[in-house]
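Colleague: My structure is below; once you've seen it, I'll send some questions.
The values are calculated or read from the model by the stated rules, or taken from the named source; none is laboratory data. What you see is a predicted model, and the numbers here were worked out from it, not measured in a lab. Ideal geometry is used to build each Cβ from the backbone, glycine not excepted, and the neighbour counts take in all protein chains shown. To get the accessible areas, we keep the full protein, side chains included, count just its heavy atoms, and leave off ligands, DNA and RNA. Shrake-Rupley method; radii C 1.70, N 1.55, O 1.52, S 1.80 Å.
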Amino acid sequence: MARLEGYRAVVTGAGSGIGRAVVARFLTEGAKVVAVVRKTADAESLSAMGAVAVIGDVSQYDTAERAVAAATETFGGLDVYVANAGLWDFHRRMEKQSPEELARGFDEVFGVNVLGALYGARAAVEALRASGGSVIVTGSNACVLGGGGGVLYTASKFALRGLVMQLAKELAPQVRVNGVAPGATNTSLSGPLALGQAGKELNADADRMAVMQQHMLLGRVSEPEDHTALYVLLASRTESPYVTGAMLMSDGGLTISI
Ligand SMILES: NC(=O)c1ccc[n+]([C@@H]2O[C@H](COP(=O)([O-])OP(=O)(O)OC[C@H]3O[C@@H](n4cnc5c(N)ncnc54)[C@H](O)[C@@H]3O)[C@@H](O)[C@H]2O)c1
């Protein structure tokens, strides 16, 4: 039986990787989905999958506002806001960045990874209160460990974990706030323009993927689909009614093995 029948969701970073897999899984589970993407081509393919596409930059508040409006106007409400869009920093060390790069990189990485999620929660809170819904963010092993990125990425994902904990307190009891924390995943995760990493893609570097694989207790780098059941679990008010403020690890044992 479909586990999200009647649910209405927004998913950001839906054009690729984990976000796209979450959209596909939510649709299979019976949910109606607004997919937030950056490119027209992604909007077209997400529409073909059955989602309502919204194009925008999550570091701008109006993107979250338009996504929530699309859900409430098209579906009549909102049950879950998945703040998944993210930028990595390819392990760029602090001393490899000029103070100016640090400042611009900080604004860009935190603007997407942290402010994007905060804007999503802010724009969605009224609709989520009305439905008794929830916010789900995509964290990372870098929410709890050093070494999953460079200083900007790790700081941003720790901040995202703080955001989950604080918003869980502020929005209880009507709205639950949780996260899924993937470990190394086979995606084209990219980086900030400020660090010259906008065209770089995580899974284009076979050597890096091989090193990541060595750290995974389960012996392989994950695929986006490996994580999607946890998003369904957290979205479902019947399956996880008592879970809030949690960051569910989906990291192949990485965080307990290093
Ligand atoms: N791939 C991994 O190894 C890994 C590990 C842990 C956590 N994560 C997290 O998973 C999430 C999804 O990343 P992914 O691995 O699927 O990579 P991905 O690049 O396929 O997905 C990230 C998405 O975010 C979108 N995005 C980036 N900046 C944006 C902006 N300003 N506005 C709107 N959208 C924007 C991109 O277009 C892309 O579709 C991220 O939050 C990432 O930090 C990934």
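Colleague: Scan segment 160-195 for residues that are touching a Cys at 6+ places or on another chain (Cβ under 9 Å), hydrophobic (A, V, I, L, M, F, W, C) and closer than 17 Å to L115 by Cα and jot them down.
Modeller: L160, V164
Colleague: Taking A48 as the residue in question, decide whether it is without any contact (Cβ under 8 Å) to a residue 24 or more places away in the chain, out of contact with any His (no Cβ under 8 Å at 6 or more places or on another chain) and farther than 19 Å from W88 by Cβ.
Modeller: Spelling it out, A48 is indeed without any contact (Cβ under 8 Å) to a residue 24 or more places away in the chain, out of contact with any His (no Cβ under 8 Å at 6 or more places or on another chain) and farther than 19 Å from W88 by Cβ.
Colleague: Tally time: how many residues in segment 146-169 are open to solvent by less than 40 Å² (accessible area, probe 1.4 Å) and either within 15 Å of the ligand (Cβ to nearest atom) or within 16 Å of M94 (Cβ to Cβ) (or both)?
Modeller: Residues that pass the stated criteria total 12.
Colleague: Before we move on, is L4 part of a loop (DSSP other than H, G, I, E, B) and either out of contact with any strand residue (DSSP E or B) (no Cβ under 7 Å at 6 or more places or on another chain) or free of Cβ contacts under 8 Å to residues at least 24 places away in the same chain (or both)?
Modeller: Here the answer is yes, as L4 does meet what is asked.
Colleague: How many residues are touching a residue at least 60 places away in the same chain (Cβ under 8 Å), surrounded by fewer than 18 Cβ atoms within 10 Å (Cβ to Cβ) and in contact with a helix residue (DSSP H, G or I) (Cβ under 7 Å, 6 or more places away or on another chain) when one looks only at segment 78-115?
Modeller: The number of residues fulfilling the criteria is 2.
Colleague: State all residues of segment 213-240 that are in contact (Cβ under 8 Å) with a residue 60 or more places away in the chain and open to solvent by 80 Å² or more (accessible area, probe 1.4 Å); if no residue qualifies, say none.
Modeller: Correct list: E225, R237.
Colleague: Only one residue in L145, L254, L152, L233 is touching an Asp or Glu at 6+ places or on another chain (Cβ under 7 Å), over 19 Å from L128 (Cα atoms) and aliphatic (A, V, I, L, M). Which one?
Modeller: Selected residue: L152, the only one of L145, L254, L152, L233 that is touching an Asp or Glu at 6+ places or on another chain (Cβ under 7 Å), over 19 Å from L128 (Cα atoms) and aliphatic (A, V, I, L, M).
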